[in-house]
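The values are calculated or read from the model by the stated rules, or taken from the named source; none is laboratory data. Fair warning: this is a prediction, and the values are worked out from it, not measured in the lab. No Cβ is skipped: glycine too gets one built from the backbone with ideal geometry, and neighbour counts run over all protein chains shown. Surface areas here come from the heavy atoms of the whole protein model, side chains and all, with no ligands, DNA or RNA. Shrake-Rupley method; radii C 1.70, N 1.55, O 1.52, S 1.80 Å.
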Amino acid sequence: MKGFMLAAVALTGLVNIAHGKELPPDDGVSALYDTGVVHEQLMAKKMATWDRQRKIGSFNSRKWRSRPVANNIVYCSNGTAKVIPGDPLNTFRCNNVDFYDFVSHADLGSQTGEGSSSWGWTSPDGREFVAVAQADGAAFAEISHQGKLIYLGRLPQSPEAQPSIWREIRGYKNYIVIGSEATNHGIQIFDMSKLLTVDPKKPVTFHPKTDLTGYWNGLPIGRTHNVVVNEEKQYAVAVGAAPRSDACRAGLIFFDLKDPSKPTSQGCAADDGYVHDAQCLVYRGPDQKYYGRDICYGYNEDTLTIYDVTNKNTTNIISRTTYTGASYTHQGWVTNAEWQEFLLLDDELDEANAAGPAGPGNPITYIWDIRSLEAPKQTGFYKSASYGIDHNQFVVNGLAYQSNYGAGLRILDVRSLSTDPTGAGIKELGYFDIYPEDDGEPNGGVVDFVGTWSHYPFFKSGYILVNTIERGAFVVKLRK
């Protein structure tokens with residue numbers, strides 16, 4: 001209780017600054033975050049929600065009927081997609097996004113359900129495959145040309161580990177890289193091309209050790225909150241790898257992927273402590289001082305921290321910046337990897353804490369001008385019309401795709417930022433609300449950790465996989 005009160009006092013002092021956008025970090029607040037107390041409170045909030053959900057049967061994915069393969073598309077019409085007409089729990093609020101398929105976690109081979117991350121891979125001949133994270137492993141499926149999700153098998157969690165809902169997946173060439181918050185799990189590296197010859201009538205449960213291409217466990221206790229990949233530079237990063245008392249302080253821990261069968265440790269960046277998520281890219285943008293350098297944009301609980309990681313053993317912090325409303329700097333994405341001028345940032349606690357512009361409970365997307373890596377500016381924000389919490393987002397060809405928990409998948413047109421960095425020109429092109437359970441709430445939603453954790457929007461076909469915590473995986477598509 002004492003830790004909670006200290007965190008609340010410190011956060012109130014930070015978010016009640018009446019004027020200001022980007023701000024210098026407050027040493028006292030940063031010290032509090034460094035203890036881990038704020039992250040522990042966030043985890044406790046989530047676990048309280050999920051324990052409540054388990055008790056009322058919401059995590060029993062068997063009660064959600066997977067869509068028969070032969071069924072047609074359900075178009076979004078007059079604001080809803082009526083997947084099962086007359087059933088309010090299978091009638092989804094939407095706009096300009098159509099429903100193609102749904103498969104429950106149970107029918108994706110999971111005993112536990114509890115969905116989290118997701119990623120995808122496109123084969124050389126254009127077939128589209130997905131990996132769907134669940135507490136007990138990762139399910140594999142193919143999205144057909146018709147948008148149907150065809151289950152092919154799964155990769156269980158590492159045998160030394162217990163199930164954990166925190167399972168993150170990223171792609172590297174034809175491989176996926178899987179990390180987990182479960183102690184002793186390590187990093188699994190799996191070759192997705194193994195799926196090319198799987199018969200859907202005979203799904204394969206791959207062995208969590210012998211069917212891997214590679215395995216790496218240069219982690220303090222075998223757990224990591226997230227994994228990040230720089231495919232161009234052929235390395236990956238474990239971030240948020242407990243404990244914070246380790247020499248790497250749960251910061252950026254690098255491992256080489258040039259030979260995925262023999263990943264090797266490269267060093268770590270501990271200077272700003274715990275990193276919750278990151279995006280690591282070769283810098284291409286207007287800041288000539290750093291052009292061509294290996295840069296990581298770190299989402300570090302109370303700051304946007306930008307690193308030069310060109311040398312993995314002498315990593316330099318370029319800048320640390322916080323902002324009005326900062327409560328838990330969670331994740332973000334640059335709007336154009338080929339010319340890095342802006343990034344979008346989401347904060348996972350600002351809505352719950354009623355902090356800054358998120359006070360009313362609408363998900364806030366913070367806009368950052370990164371044309372100077374040493375002096376990034378928070379130039380504005382986009383306030384969603386929905387009610388809930390933002391979680392993970394990616395930007396593809398000027399469109400931001402966001403998993404906003406109970407508010408579902410949201411798609412924003414952010415191409416106006418180059419001429420108006422305030423965000424006033426951002427428009428929502430469409431959405432698909434995958435959590436009808438909260439539709440009848442006073443604000444049409446809930447500020448809680450329910451609904452969609454992640455999605456994968458990078459397929460050329462336009463199909464988007466949406467992974468949900470409670471039900472399973474959806475396939476939807478933005479109507480052009």
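Within the range 212-247, the residues that satisfy the criterion of being surrounded by 22 or more Cβ atoms within 10 Å (Cβ to Cβ), farther than 16 Å from Ile189 by Cα and hydrophobic (A, V, I, L, M, F, W, C) are Val239, Ala241. Output the residue which, of all residues in the range 30-61 that are over 25 Å from the mean Cα position of the chain (by Cα) and outside any loop (DSSP other than H, G, I, E, B), is farthest from Asn300 (Cα to Cα). Among those that are over 25 Å from the mean Cα position of the chain (by Cα) and outside any loop (DSSP other than H, G, I, E, B), it is Lys55.
Of all the numbered requirements in (1) open to solvent by less than 30 Å² (accessible area, probe 1.4 Å); (2) more than 30 Å from Gly115 (Cα to Cα); (3) at pLDDT below 95, Ala7 misses one, and that requirement is (2).
Within the range 426-447, the set of residues being open to solvent by less than 30 Å² (accessible area, probe 1.4 Å) and either under 14 Å from Cys94 (Cα atoms) or not aliphatic (A, V, I, L, M) (or both) comprises Gly430, Phe432, Asp433, Ile434, Tyr435, Pro436, Asp438, Gly444, Gly445.
Considering the conditions (1) closer than 20 Å to Leu409 by Cα; (2) assigned to a strand (DSSP E or B); (3) of a type outside the set (Val, Ile, Thr); (4) in contact with a Pro (Cβ under 7 Å, 6 or more places away or on another chain), Leu152 is excluded by exactly one of them, (1).
In the range 187-201, the residues that are farther than 30 Å from Ile253 by Cβ reach residues that are in a loop (DSSP other than H, G, I, E, B) and open to solvent by 30 Å² or more (accessible area, probe 1.4 Å) with C-beta atoms within less than 9 angstrom, at least six apart or across chains, in these pairs: Leu196/Asp125; Leu196/Arg127. Being hydrophobic (A, V, I, L, M, F, W, C) and either touching a Lys or Arg at 6+ places or on another chain (Cβ under 9 Å) or open to solvent by 40 Å² or more (accessible area, probe 1.4 Å) (or both) is true for just one of Leu373, Leu465, Leu409. Which residue is that? Within the list Leu373, Leu465, Leu409, the selection yields Leu373.
Might you let me know whether the range 12-28 holds any residue that is among the acidic types (Asp, Glu), at pLDDT 95 or above, open to solvent by 50 Å² or more (accessible area, probe 1.4 Å) and not in a helix (DSSP H, G or I)? Within the range 12-28, one or more residues are among the acidic types (Asp, Glu), at pLDDT 95 or above, open to solvent by 50 Å² or more (accessible area, probe 1.4 Å) and not in a helix (DSSP H, G or I). Scanning the range 86-130 for residues that are touching a Lys or Arg at 6+ places or on another chain (Cβ under 8 Å), open to solvent by 20 Å² or more (accessible area, probe 1.4 Å) and either free of Cβ contacts under 8 Å to residues at least 12 places away in the same chain or not in a loop (DSSP other than H, G, I, E, B) (or both) returns Asn90, Thr91, Tyr100, Trp119, Thr122.
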